[in-house]
């Protein structure tokens, strides 16, 4: 007789574990229990049904119980909730949700992959209304689509600007709905820093999303929601995407150890505090190898890898747990936004000494079709130069740059390594020095004190305090839009007009994207100016950073005209 | 007085060195000499003028001598050939090509960046005809375009199927010309292995290129070329793109050491055998850190990095020479084809023990628009699992996968590292396990002997010898096209029909892309079959591998119908 392995949960983690177990042991008895009606659906593709990119909700289902049986000889029981683990008897209690009947099943090994459940803040009144939804599975997304279509809803509120909230917003907007996106923090997409998030805010705003930051829903009505600020928003349906919390009830009740972050505690091989029970996926606490802290990470790829590792461990196949770094990507209308590792906020919060680079190079040779600026922020440890994280946003392959940096982070790379990285180059794909190489070069210059910089986030303060700012772009560029009190001394005449530059006060330099201003900074330093700063991100970065807040607050602008090119 | 630094050659290497030197030393005297009329043009973008993607040839010029002067205070002398180095006097002799006048210039440091020149095989008759061209600079590409347009040429021969040959072919084809591409080897694009090159051959063929392999031009006429095989090809113009050779004349005559590969020999800091003379770019011999051999690499990115390193060394800024791995990418009509590290051929030639994985996963979640197969070949050292190289071809982001693997190779990664690599995931960009993760997983299974495989290159032999091959796809898939003697036992019924499978002979299994056949192999092994092989690449790979040769040789097919989906 083979082993009897039971699996709780049939989506990313559970289904991956089951398939791997079968490959390792043709004779094991494998049974997978899923509370919902479907297993092995593509959670990450759920939002795309709302726009019709995925036409039928059934298409989201990758494997049926029948297919599991036929292809893998794995038994799948849907509508079956595991309600209790009797650890001393090595049994689980299963409730058949169709009949209400409960029964027991014996296990040799048990794998928990229950996932996470959407957070529903108790402070909100009206969460039980029929026009309030969460999005966790195929049934949910079909319900939402059906509700808004059959009730002819035009105005929809999405609560929460994380991955799910953004994807739901985008897909509803593509489908033509008026969407209000309410986020309690001062930015969407927490894995990005505030400066990078402004680029996303602009994109949401430009695509007609009613983005509301620093506010939250307090009451939901049939045709509106009321916000903490007192504002009322027209809204026929509400989709709650505030976040998720590990589904730990079953584990907790069984006395399994829970970690400080609220996830099920596991060892290096995803084994819980019970030797015969493993746990994988969104429900567990894992280890972030960059900031060295326990964390929860509700992502599909780590879930699948954990599932495989747990299955392997059951069959004595070694697996080295390297911790997680957390890489992710989201499309926001015309932009690709990806990030990996830790951001500035996290580095600060964890007390990790760091510095960062923010550059906006072209994503390919400018002669080529579809050449666009790529916003790239690279965070590294000071003084080691070890790469800690990166964020990239642009119409081009932001995901490629982030994946390359993720690989470098994984392997413990420094700026020096990234500088030397030889990537494939052709004018259609990148520049001879790829943006990631450029970021490393700038980082090394900073690390070695070859020049200093100020971030775009400080420019308003500089302008308002009357700092001496040189715009080294050519006159025609300056005239199309410039910082209100910047002096225009083009790089091409800087050396001739060097006497105009004051020696007794700090000099801040910018151009369009930061390259010419870097040349200018080096030239000024080489000619005895000691207090010179490059404005990282330059005019392009300043415009992107200021634009959205200018629009919504109507505050006085620091630029005569925006220029995003 | 600052240093006096002279630079020979004003394109990728020379221009990069000049700009970096200026940043490091505002007071240095920097003079750059260029034989041609232009400096700092985009070599890699030259072919794109032929299709009109780059409209005006002047757009290819990134910097003029005037701009170098104004922006960087660097003196540029074009039409100026450096004809001699007087090392003992630390002087160069320059010939003004406009006036014929010669003069001398003194240097403290000299940087040689003369590039490479196109190879013109002496065996070809008629190379001096006015309809024969090479493509090295802006003047060349303008001449070609002008010649074929003003002489109303319709039929063009491109000689050599390397990067330049392929890009020229593609751009001429886009512009509507009939193009014959003649390659002396049995495949185009030598950095790819023969199996991967078949995919490119198919794409060239499908796009109407008259691709001729294993043949070469022996004589060029006004309206045709004659091949070694005796074939005559209609052709009004010939573009020679056989390859390039380091431009070493100046260095050789100055008595500088030349390496075994024919490139100028340099030390770890790109210094030649003369302490005051550096050399960078296509003209030098560098070190391949994977096969540990000296090599020549005519690529823009390494040239730029070498230039920077040389400039840094002049100013005592340390640089660690990590050797090169050689990453590159080319577009071939609808396909992106990228590679990094060494291929199977090189591993074999260098006696490096290796094994490889060839998989064809989807490049994103199949529900998403523009989901396509990605052909990915990963070569690793046996038994260490250290990654040696990779090749990727597909309509999707092949370049991304290769750049990620390039990063891993650079950092000395093994299959185990690549398996665990956490990349950004969303259904629009990839699959939860990215193709590179899948390649690593398959590689680890092979490395640990969990299953065995045969490559697509061996399938014809298997079919012809009457081997027992199981096609585990469903019946409807089988009926649309299958291997001529394959037995169809779908994975979904394999366990029920297991008695049909012979135990006394080798069993070869394939499906569409290799996933289901892997499941089948594991199931068979788990049920006592000992002699089972997965056909890597499966039916999709077999079709791609066989198609082009079937078309051109008219040989008997081994499949009833091709299926490339």
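The values are calculated or read from the model by the stated rules, or taken from the named source; none is laboratory data. Model, not experiment: these values are computed from the prediction. Every residue, glycine among them, receives a Cβ derived from its backbone with ideal geometry; neighbour counts consider all protein chains shown.
May I ask you to list the residues in the stretch A:1-37 that are more than 14 Å from chain B (Cβ to nearest Cβ), modelled with pLDDT under 95 and touching a strand residue (DSSP E or B) at 6+ places or on another chain (Cβ under 7 Å)?
Scanning the stretch A:1-37 gives a single hit, A:10.
Just to verify a result, which residue in the stretch A:395-408, among those that are more than 7 Å from chain B (Cβ to nearest Cβ) and surrounded by 24 or more Cβ atoms within 10 Å (Cβ to Cβ), is nearest to residue A:331 (Cα to Cα)?
This residue is A:398.
Working carefully through the options A:525, A:515, find the one that is out of contact with any helix residue (DSSP H, G or I) (no Cβ under 9 Å at 6 or more places or on another chain), crowded, with 17+ Cβ neighbours inside 10 Å and under 20 Å from residue A:442 (Cα atoms).
Of the residues listed, the single one that is out of contact with any helix residue (DSSP H, G or I) (no Cβ under 9 Å at 6 or more places or on another chain), crowded, with 17+ Cβ neighbours inside 10 Å and under 20 Å from residue A:442 (Cα atoms) is A:525.
Select from the stretch A:369-382 the residues that are in contact with a strand residue (DSSP E or B) (Cβ under 9 Å, 6 or more places away or on another chain) and not in a strand (DSSP E or B) and write down the one among them that is nearest to residue B:60 (Cα to Cα).
This residue is A:371.
When residues of the stretch B:459-489 are filtered for being loosely packed, with under 14 Cβ neighbours inside 10 Å, in contact (Cβ under 8 Å) with a residue 40 or more places away in the chain and touching a strand residue (DSSP E or B) at 6+ places or on another chain (Cβ under 8 Å), how many remain?
Of the residues in the stretch B:459-489, 1 are loosely packed, with under 14 Cβ neighbours inside 10 Å, in contact (Cβ under 8 Å) with a residue 40 or more places away in the chain and touching a strand residue (DSSP E or B) at 6+ places or on another chain (Cβ under 8 Å).
If we keep just the residues of the stretch B:529-550 that are surrounded by fewer than 19 Cβ atoms within 10 Å (Cβ to Cβ) and at pLDDT 95 or above, which is farthest from the chain's Cα centre (by Cα)? Walk me through it before giving the result.
Step one: list which residues in the stretch B:529-550 are surrounded by fewer than 19 Cβ atoms within 10 Å (Cβ to Cβ), which gives B:529-531, B:549-550.
Those still in the list that are at pLDDT 95 or above too: B:529, B:531, B:549-550.
On the way: B:529: 41, B:531: 37, B:549: 22, B:550: 25 Å.
Among residues in the stretch B:529-550 that are surrounded by fewer than 19 Cβ atoms within 10 Å (Cβ to Cβ) and at pLDDT 95 or above, the one farthest from the chain's Cα centre (by Cα) is B:529.
Of all strands (runs of 3 or more DSSP E) completely enclosed by the stretch A:207-307, which ones contain at least 2 residues that are under 30 Å from residue A:50 (Cα atoms) and without any contact (Cβ under 8 Å) to a residue 40 or more places away in the chain?
Per the criteria, A:210-212, A:224-227.
Only one residue in A:296, A:284 is at pLDDT below 95, more than 11 Å from chain B (Cβ to nearest Cβ) and surrounded by 17 or more Cβ atoms within 10 Å (Cβ to Cβ). Which one?
On the way: A:284 fails: at pLDDT below 95.
The match here is A:296.
Please verify whether residue A:510 is within 29 Å of residue B:312 (Cβ to Cβ) and surrounded by fewer than 16 Cβ atoms within 10 Å (Cβ to Cβ), treating the condition exactly as stated.
no
Return the residues of the stretch B:367-386 that are within 14 Å of another protein chain (Cβ to nearest Cβ) and either farther than 24 Å from residue B:540 by Cβ or out of contact with any helix residue (DSSP H, G or I) (no Cβ under 9 Å at 6 or more places or on another chain) (or both); say none if nothing qualifies.
B:369, B:370, B:371, B:385, B:386
Out of everything in the stretch B:324-337 that is more than 8 Å from chain A (Cβ to nearest Cβ) and touching a strand residue (DSSP E or B) at 6+ places or on another chain (Cβ under 6 Å), what residue ends up being surrounded by the most Cβ atoms within 10 Å (Cβ to Cβ)? Break it down into steps so the answer makes sense when it comes.
First, the residues of the stretch B:324-337 that are more than 8 Å from chain A (Cβ to nearest Cβ): B:332-335, B:337.
Filter once more, so that each one left must be touching a strand residue (DSSP E or B) at 6+ places or on another chain (Cβ under 6 Å): B:335, B:337.
Details: B:335: 20, B:337: 29.
The qualifying residue surrounded by the most Cβ atoms within 10 Å (Cβ to Cβ) is B:337.
Which is within 24 Å of residue A:266 (Cβ to Cβ), crowded, with 22+ Cβ neighbours inside 10 Å and at pLDDT 95 or above, of A:111, A:144? Let's see the steps before the verdict.
Values: A:144 fails: within 24 Å of residue A:266 (Cβ to Cβ).
When all the criteria are applied, what remains is A:111.
If I go through the stretch A:41-55 residue by residue, how many of them are more than 17 Å from residue A:13 (Cβ to Cβ) and more than 10 Å from chain B (Cβ to nearest Cβ)?
Adding up the residues that qualify gives 3.
Answer with yes or no whether residue A:512 is assigned to a loop (DSSP other than H, G, I, E, B), modelled with pLDDT of 95 or more and under 43 Å from the mean Cα position of the chain (by Cα).
Working: assigned to a loop (DSSP other than H, G, I, E, B): yes; modelled with pLDDT of 95 or more: yes; under 43 Å from the mean Cα position of the chain (by Cα): yes.
Yes.
Specify which of the listed residues (A:9, A:52, A:36) is buried (at least 23 other Cβ atoms within 10 Å of the Cβ) and in the same structural domain as residue A:310 (by the TED database). Write out each step before concluding.
Details: A:52 fails: buried (at least 23 other Cβ atoms within 10 Å of the Cβ); A:36 fails: buried (at least 23 other Cβ atoms within 10 Å of the Cβ).
None of the other options fit; the residue is A:9.
Regarding residue A:196, is this residue modelled with pLDDT of 95 or more and either out of contact with any strand residue (DSSP E or B) (no Cβ under 9 Å at 6 or more places or on another chain) or not in a helix (DSSP H, G or I) (or both)?
So residue A:196 fails the test.
As an exercise: evaluate residue A:430 against (1) in a helix (DSSP H, G or I); (2) more than 7 Å from every other protein chain (Cβ to nearest Cβ); (3) under 19 Å from residue A:391 (Cβ atoms) and give the number of the one condition it does not meet.
(1)
Working only within the stretch B:442-458, note down all residues that are touching a helix residue (DSSP H, G or I) at 6+ places or on another chain (Cβ under 9 Å), within 14 Å of another protein chain (Cβ to nearest Cβ) and surrounded by fewer than 19 Cβ atoms within 10 Å (Cβ to Cβ).
Across the stretch B:442-458, the qualifying residue is only B:450.
Could you run through the stretch A:515-560 and say how many residues are closer than 16 Å to residue A:484 by Cβ and in a loop (DSSP other than H, G, I, E, B)?
Counting residues in the stretch A:515-560 that are closer than 16 Å to residue A:484 by Cβ and in a loop (DSSP other than H, G, I, E, B) gives 5.
Does the stretch A:306-323 hold any residues that are facing chain B (nearest Cβ under 9 Å) and modelled with pLDDT under 95, and which are they?
Answer for the stretch A:306-323, where residues must be facing chain B (nearest Cβ under 9 Å) and modelled with pLDDT under 95: A:317, A:319, A:320, A:321, A:322.
In the stretch A:87-114, how many residues are on the phi < 0 side of the Ramachandran plot and free of Cβ contacts under 8 Å to residues at least 60 places away in the same chain?
12
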